[in-house]
Amino acid sequence: MAIFPMIINGQAVTTRATAGVINPATGEVFAEVPVGTPQHVDDAVKAARAAFPGWSSLSHEARRDKLLELAGALEANMPELMQLLTQETGKPMGGFSGIGSGMEVGGSMAWMQATAATELPVEVIQDDEVARVEVHHKPIGVVGSITPWNWPLMIAVWHYAPALLAGNTVVAKPSEYTPVTTLRFAQIANEILPPGVLNVVVGDGSVGAAIAGHPDINKIVFTGSSATGKTVMQAASGNLKRLTLELGGNDAGIVLPDVDPKTVAPKLFAVCFHNNGQTCQALKRLYVHEDIYDELCNEMAAIAGSVKTGNGLEEDTDLGPLQNEKQLNVVRALAADARAAGATFLTGGEEDSRPGYFYPPTIVTNISDGTRLVDEEQFGPIVPVIRYSDVDDAIARANASSAGLGGSIWSSDLDKAAELVERLEAGSVWVNTHADIQPNAPMGGMKQSGVGCEFGHWGLAENTDIQTVKISKG
């Protein structure tokens, strides 16, 4: 069985003990990884600190070229990385609407290339006979990255690329559920980057805690739950680390009565079951006007009944399993609570007897706010559809959540939808689409869905400190 080593200071690092990585489509171990410790974090931080002066002194253009080399390496190794992603996450190689491991590797390449094209030029805010005043962006130092299990490679690229381009070095921890693709990418990347610039340590929560609290790490970028984000924030306060936190969401979509249910149903289904619902910005609560409620619910249920859930390595698979048993049990518990509250399951909701962590795409109707499935983030293939009659009330209910990551309005009246969508309390909002992110537009959360943002020049700036330079001419 393959063992994927950690990368510290450009070297492969193994441990006597190993941890198995489970393929969620089979429930069986398919690879092994080392068991990292806080000592490995210390070693990685020392390597990153030593590499920082040389890396940060390179020109922006030189670092940009390295990122473009990394994008080329992703493309050259795409088949291998796709298979590893499918084995460790369960997502199909292609999948429903093309959302699978191919999209993840391709998206990682695109984000790497787009980030490489981003610049933070010196800004001159005054230049007269009195003084010249410039604003510079300086690298922070060592950036600690902690990534989740749902998009392990792409979110790693979201973290690493802007940090590296800005002149920082990186110490990273992938999720212990899905470390394999990230470790393999680190191996590939260290054939391109100088030793110590990108270090990856795998392990349990003690490794993440060591990164979050390490006195020689200057910034943390974390993607995960709001509860864990708060813990990271507290641990990072010791040396006032800079923070970028992309946290949990409970995104609401509001469907107005002027849409054609048959036309909009496939689009809604795709964004509800994006990565089997295991996406922070998947549509997780759907508010549908009473005039079209039954028709739209039936259209979505028909789609749910037509897709194939199975092993992602099989060509005709639309949706894979949940990534881990813990998350499967969350979905089971929310479904049981909804059923006990009298909700109707139009499709799905039954147990799957196959090995692995499968759960069918499930549409739940006749459900309301106050039920756990509506109020909590399910992060899985089960979607509550809530009936409403007044759009102002629907917006108020959408905004009642402590989360504020994303939201959407669905309507044939674009002017009306554009007006309504601005009333949603979320960092990203859309009209007639959802979770439709792109590398040149910032993504961040309001309320308890995050701190700061990623992507574009806004995300790049979060990996820098601002330095004001004033040259007096008097």
* To do: Would you mind telling me the antiparallel percentage of the DSSP bridges in the chain, rounded to 5?
  => 45 percent
* Asked: Of the listed peptides 206-213, 60-67, what is their order by residue-averaged count of other C-beta atoms within 10 Å, with the highest listed first?
  -> 206-213, 60-67
* Structure fact -> Treating only Lys and Arg (+1) and Asp and Glu (-1) as charged, each at its beta carbon, one finds that the chain has a dipole about its Cα centre, in Debye to the nearest 20, of 1500 debye
* Separation in nanometres of the label points that stand 7 Å from Cα toward Cβ, at residue 350 and residue 294 -> 2.5 nm
* Pull out a ≥ b ≥ c, the square roots of the eigenvalues of the alpha-carbon gyration tensor of segment 51-103, then state rounded if a/c is under 1.5, prolate if not and a/b is larger than b/c, and oblate in the remaining case. => prolate
* To do: Provide the per residue accessible area, probe 1.4 Å, for segment 207-362, rounded to a whole number of square angstrom.
  => 37 Å²
* In this model, which of 173/308; 138/241; 326/447; 173/447 are farther than 22 Å apart at the alpha-carbon? -> 173/308; 326/447; 173/447
* Structure fact -> Checked against the positive end of the charge dipole of the chain (+1 on Cβ of Lys and Arg, -1 on Cβ of Asp and Glu, about the Cα centre), the farthest of 460, 269, 82 is 460
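Based on DSSP, what percent of beta bridges with both residues in segment 272-401 are antiparallel, to the nearest 5?
Antiparallel: roughly 25 percent of the beta bridges in segment 272-401.
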* **Per-pair calculated FRET efficiency, R0 = 45 Å: residue 372 and residue 17 via Cβ, rounded to 0.05** => 0.75
* Cα-projected label distance for residue 39 with residue 387, points at 7 Å along beta-carbon direction, nm -> 6.4 nm
* **At most 16 other Cβ within 10 Å, DSSP loop - trypsin sites (Lys or Arg not before Pro), segment 294-383** => 308
* Give the relative contact order (percent, whole number) for segment 53-160; include only Cα pairs under 8 Å separated by 6+ residues. => 24 percent
* To do: Please give the contour-minus-distance gain from residue 306 to residue 122: 0.36 nm per residue of separation, less the Cα-Cα distance, rounded to one decimal in nm.
  => 60.8 nm
* Asked: With the other protein chains left in place, how much accessible area per residue, in square angstrom, belongs to segment 8-167 at a 1.4 angstrom probe?
  -> 39 Å²
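Sort 307, 201, 130 by heavy-atom solvent-accessible area, probe 1.4 angstrom, most to least.
Largest accessible area first, the residues go 130, 307, 201.
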* Asked: With θ set to phi - 60° and the Karplus curve 6.51 cos²θ - 1.76 cosθ + 1.60, what are the ³J(HN,Hα) couplings of segment 166-174 in order, to the nearest whole Hz, using x for Gly and Pro?
  -> 6, x, 8, 9, 10, 10, 10, 10, x
* Report relative contact order for the chain in percent, whole number only (criteria: Cα-Cα under 8 Å, sequence separation at least 6). => 19 percent
* Note, ³J(HN,Hα) from phi for segment 315-327, Karplus 6.51, -1.76, 1.60, rounded to Hz, x at Gly and Pro -> 4, 8, 6, 8, 10, x, x, 5, 6, 8, 5, 4, 6
* Over segment 335-474, with every protein chain in place, what whole percent of the accessible area is carbon and sulfur at 1.4 Å, could you tell me? => 48 percent
* Asked: Looking at segment 440-474, which trypsin sites (Lys or Arg not before Pro) are in a loop (DSSP not H, G, I, E or B) and have at most 15 other Cβ atoms within 10 Å?
  -> 473
* Structure fact -> With +1 at each Lys and Arg Cβ and -1 at each Asp and Glu Cβ, the charge dipole magnitude of segment 128-255 around its Cα centre, to the nearest 20 debye, comes out at 200 debye
* Asked: Helix 101-116: angle to the longest alpha-carbon principal axis of the chain, degrees 0 to 90, nearest 10?
  -> 40 degrees
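Could you tell me which of rounded, prolate or oblate describes the chain, using a ≥ b ≥ c as the square roots of the eigenvalues of the alpha-carbon gyration tensor, with rounded for a/c under 1.5 and, failing that, prolate when a/b is larger than b/c and oblate otherwise?
Values: a/c = 2.05, a/b = 1.34, b/c = 1.53.
Judged from the Cα gyration tensor, the chain comes out oblate (a/c at least 1.5, b/c at or above a/b).
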* Give me the distance in nm between label points sitting 7 Å out from Cα along the Cα-to-Cβ direction at residue 239 and residue 83, one decimal. => 4.1 nm
* To do: Classify segment 1-157 as rounded, prolate or oblate from the Cα gyration tensor: take a ≥ b ≥ c as the square roots of its eigenvalues, call it rounded if a/c is under 1.5, otherwise prolate when a/b beats b/c and oblate if not.
  => oblate
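The values are calculated or read from the model by the stated rules, or taken from the named source; none is laboratory data. All values reported here derive from a predicted model rather than from experimental measurement. Ideal geometry is used to build each Cβ from the backbone, glycine not excepted, and the neighbour counts take in all protein chains shown. What goes into the accessible areas is simple: the full protein's heavy atoms, side chains included, and nothing from ligands, DNA or RNA. Shrake-Rupley method; radii C 1.70, N 1.55, O 1.52, S 1.80 Å.
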